[in-house]
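Chemist: Starting off with a structure, shown below.
The values are calculated or read from the model by the stated rules, or taken from the named source; none is laboratory data. Keep in mind that what you see is a predicted model, and the values were worked out from it rather than measured. Cβ placement follows ideal geometry from the backbone for every residue including glycine, while neighbour counts extend to all protein chains displayed.
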Amino acid sequence: MNDDLLDKDERFLNAEKKMSRLVLQASKKYKTPVNAMFTRLSDFTKAVSKGLIRWGRVNSLWPAQFGLACCAIELMDFGAARIDAERKGYLLFRATPRQNDVMIVAGWVTKSMVPRVKRMYEQMASPRYVIAFGECATSGGPWWESYNIIQGIDQVLPVDVYVAGCPPQPENLFAALMKLQEKIRDKHAGSKEPTISEDIKRAEISGIHLPEEDNSSRL
Amino acid sequence: MSIVRINVGPIHPSTHGVLRLVVDLDGDTIVNVEPHIGFLHRGVEKLMENRMYMQSQSYTEKLDYLAPFSWDELYTSAVEQAMKKEVKPDAQILRVIMLEYQRIASHLVWLGTFCNDIGQIFTIFMWSFRERARILKLLEDLSGTRMFYVNLRLGGFYKPLPKNFKDRAYKLNEYLVEKISEYKDVIEPDPVFNERTKNIGVLPKDKAIELGVAGPVLRASGVRYDIRKAMPYYIYDKLKFKIPIGYKGDNFDRYKVRYEEIFQSIKIIDQALDMLPDNPDILGQPIKLINPNANPDIVVVHRELPKGEGIIYMVPDKQRPYRISLRAPSFINTFAINEISKGYKYADLFANLGSLDIVLAEIDR
Ligand code: SF4
């Protein structure tokens with residue numbers, strides 16, 4: 001999921017190495033304080049490239065304004081007066097997936113919603129994170145025997161944080177987002193393990209038959 | 001001019017869930033709106049037929065998640081009727097109190113989201129959720145959970161009343177009246193609100209009856225019909241309250257009817273609290289299997305839910321319902337969207353949809 005990102009990081013690191021080598025060579029040739037400053041500047045850019053971007057990512061998680069069922073009411077309460085979610089930088093609910101970082105799946109996902117949820121996830125820009133909010137998104141919840149839902153969103157999307165409860169309290173979402181921030185800070189976010197839908201072997205074992213996307217009713 | 005077809009949803013911030021609308025436009029004027037439903041379908045009725053009576057309670061309350069207790073109470077009454085079980089008088093009073101608090105909570109969420117849809121972004125939303133949080137806190141102390149209270153048992157409740165419940169409820173009512181009457185001063189003088197609601201989305205009286213809409217949508221069109229008055233249950237016939245109705249059936253009337261209903265509900269709660277004794281006897285029995293000798297007949301129960309008239313039709317069996325069918329008010333109200341949007345501008349579509357107060361889980365079931 002983050003492959004292109006890693007590539008970019010690597011390329012950036014190579015450029016960094018090259019640049020610091022050049023600067024070191026130059027400083028050997030001409031011994032002036034300006035060159036010493038340059039070497040330190042390169043360290044500085046290195047630190048900035050690592051830290052600043054991650055700092056920005058951690059502190060401006062924009063969730064998707066996307067509710068499915070009952071848990072979405074707690075999601076609304078999360079954005080309302082009792083819990084002031086804005087103080088942590090979470091509140092900017094955006095209606096278009098192209099501006100989102102986090103997708104909070106709140107509610108049961110029916111088979112007819114699977115292609116739509118997947119498409120929404122694909123439209124989000126990388127790096128993107130998924131929170132399974134509530135029993136339904138985690139495992140199917142009270143409806144897990146129903147013929148029309150999938151037992152948890154992790155069958156189609158990689159999930160970063162699970163929140164248990166039916167519905168979880170809005171405070172739990174706060175905790176989940178803080179957990180996600182920790183994950184991003186420590187660079188653990190975004191599991192590289194293929195999801196069941198991508199991994200044919202696992203899909204065969206668990207016997208999941210996801211509905212084919214129907215091009216005639218494309219949305 | 002040629003007709004343009006626009007698809008709205010199912011993932012859309014203003015459809016209040018996952019509703020898909022296919023809108024035909026002539027220029028900017030709506031010619032036809034076709035709601036497509038079923039994105040939340042999980043087969044509740046079928047699941048309930050495979051569950052014991054006491055297990056289904058947590059299914060019914062997830063139908064309308066803005067007022068879970070109302071559906072819960074409707075289902076429990078159906079089981080009580082099948083088992084020919086009387087509800088204790090004190091428990092009746094407490095049920096009425098809880099039902100009315102749920103009605104207020106549901107209308108408050110509606111008010112907040114409707115104002116969001118219309119362009120009064122977040123002011124009323126924040127206020128109404130603040131008041132709703134107070135109500136939920138009181139009900140949480142009564143039942144143990146915040147949103148889904150599975151606290152009904154045969155003939156009563158599963159827990160005794162907390163000690164200072166009455167005082168807290170009286171205080172809460174005072175607070176609600178004080179705060180909610182302030183909303184009017186923000187909402188009604190607002191030119192944007194008036195422009196977007198008055199004479200928009202008109203549903204005439206005869207059309208409303210023809211479509212079979214229920215609840216505040218029906219009453220806003222000028223039909224004075226409320227199950228609480230028409231077929232009184234529990235202690236509603238001993239209480240004094242009015243049924244607010246509208247005259248034109250436009251969006252403003254639908255807002256006004258719900259807004260007035262909040263105050264009527266507070267009045268009902270105050271009267272019911274007066275009737276409630278200090279140490280009420282409200283404990284019920286756990287829901288058990290239906291006695292094989294009882295020979296239960298078909299059960300039909302009507303209730304006035306916050307969204308309209310809810311009906312459960314049940315053919316009981318000994319362990320589980322043989323057949324159960326739910327009449328969800330939102331399901332019927334949704335299909336009024338075509339009638340009230342035809343001929344208006346595309347921009348009015350979401351004001352109209354918001355004014356119907358639909359819950360998708362109840363529609364799709
Ligand atoms: S976990 Fe419970 S509250 Fe949340 S969507 Fe599922 S049924 Fe509703």
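Chemist: Take the residues of the range A:55-76 that are within 12 Å of chain B (Cβ to nearest Cβ) and in a strand (DSSP E or B): which is farthest from A:G107 (Cα to Cα)?
Modeler: The qualifying residue farthest from A:G107 (Cα to Cα) is A:A64.
The rows are residues; the columns are (1) among the hydrophobic types (A, V, I, L, M, F, W, C); (2) touching a residue at least 40 places away in the same chain (Cβ under 8 Å); (3) within 16 Å of the ligand (Cβ to nearest atom).
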position: B:G112; (1), (2), (3): no, no, no
position: B:F129; (1), (2), (3): yes, no, no
position: B:L138; (1), (2), (3): yes, no, no
position: B:L142; (1), (2), (3): yes, yes, no
position: B:M147; (1), (2), (3): yes, yes, yes
position: B:Y158; (1), (2), (3): no, yes, no
position: B:I180; (1), (2), (3): yes, yes, no
position: B:K184; (1), (2), (3): no, yes, no
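Chemist: A further question on this structure: In the range B:221-240, which residue that is of a type in the set (A, V, I, L, M, F, W, C) and touching a helix residue (DSSP H, G or I) at 6+ places or on another chain (Cβ under 8 Å) is nearest to B:V300 (Cα to Cα)?
Modeler: My answer is B:I235.
One line per residue, one yes/no per condition, for (1) at pLDDT below 85; (2) away from the ligand (no atom under 11 Å from the Cβ); (3) outside any loop (DSSP other than H, G, I, E, B):
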residue: A:E122; (1), (2), (3): yes, yes, yes
residue: A:P127; (1), (2), (3): yes, yes, no
residue: A:V130; (1), (2), (3): no, yes, yes
residue: A:T138; (1), (2), (3): no, no, yes
residue: A:D154; (1), (2), (3): yes, yes, yes
residue: A:P158; (1), (2), (3): yes, yes, no
residue: A:C166; (1), (2), (3): yes, no, no
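Chemist: Under 6 Å between Cβ atoms, at least 6 apart or on separate chains: pull out the pairs that start in the range A:130-147 with a residue that is more than 13 Å from chain B (Cβ to nearest Cβ) and end on any residue that is part of a loop (DSSP other than H, G, I, E, B).
Modeler: Every condition considered, the pairs that remain are A:V130/A:L157; A:V130/A:V159; A:V130/A:D160; A:A132/A:V159; A:T138/A:G152; A:S139/A:Q151; A:S139/A:G152.
Chemist: Here's a check for you: in the range B:1-16, which residue that is polar (S, T, N, Q) and within 20 Å of B:C115 (Cα to Cα) is nearest to the other protein chains (Cβ to nearest Cβ)?
Modeler: Checking each candidate, the answer is B:S14.
Chemist: Which of the following residues is surrounded by 23 or more Cβ atoms within 10 Å (Cβ to Cβ) and either of a type in the set (D, E) or away from chain A (no Cβ under 14 Å) (or both): B:T60, B:T76, B:T29?
Modeler: It is B:T76.
Chemist: While we're looking at this one, here's another question. Given (1) touching a residue at least 60 places away in the same chain (Cβ under 8 Å); (2) surrounded by fewer than 17 Cβ atoms within 10 Å (Cβ to Cβ); (3) more than 14 Å from every other protein chain (Cβ to nearest Cβ), where does B:P162 come up short, assuming only one miss?
Modeler: B:P162 satisfies all of (1) touching a residue at least 60 places away in the same chain (Cβ under 8 Å); (2) surrounded by fewer than 17 Cβ atoms within 10 Å (Cβ to Cβ); (3) more than 14 Å from every other protein chain (Cβ to nearest Cβ) except (1).
Chemist: Since B:I124 meets every condition but one in (1) among the aliphatic types (A, V, I, L, M); (2) assigned to a helix (DSSP H, G or I); (3) under 29 Å from B:L94 (Cα atoms), which condition does it not meet?
Modeler: In the conditions (1) among the aliphatic types (A, V, I, L, M); (2) assigned to a helix (DSSP H, G or I); (3) under 29 Å from B:L94 (Cα atoms), B:I124 misses (3) alone.
Chemist: What do you reckon, is B:G249 part of a loop (DSSP other than H, G, I, E, B), at positive phi and surrounded by 21 or more Cβ atoms within 10 Å (Cβ to Cβ)?
Modeler: Against the criterion (part of a loop (DSSP other than H, G, I, E, B), at positive phi and surrounded by 21 or more Cβ atoms within 10 Å (Cβ to Cβ)), B:G249 qualifies.
Chemist: Next question. Residue check, B:N32 against (1) closer than 24 Å to A:I73 by Cα; (2) touching a strand residue (DSSP E or B) at 6+ places or on another chain (Cβ under 6 Å); (3) among the polar types (S, T, N, Q), all met but one. Which one?
Modeler: (1)
Chemist: Looking only at the range A:77-101, how many residues end up being more than 7 Å from every other protein chain (Cβ to nearest Cβ) and either within 16 Å of the ligand (Cβ to nearest atom) or farther than 28 Å from B:L136 by Cα (or both)?
Modeler: Of the residues in the range A:77-101, 7 are more than 7 Å from every other protein chain (Cβ to nearest Cβ) and either within 16 Å of the ligand (Cβ to nearest atom) or farther than 28 Å from B:L136 by Cα (or both).
Chemist: While we're here: Among (1) away from the ligand (no atom under 16 Å from the Cβ); (2) in a helix (DSSP H, G or I); (3) modelled with pLDDT of 80 or more, which single condition is A:E182 missing?
Modeler: Only one criterion is unmet by A:E182, namely (3).
Chemist: Moving on. Take the residues in the range A:55-103 that are of a type in the set (A, V, I, L, M, F, W, C) and over 24 Å from B:L108 (Cα atoms), then tell me which one is surrounded by the fewest Cβ atoms within 10 Å (Cβ to Cβ).
Modeler: A:W55
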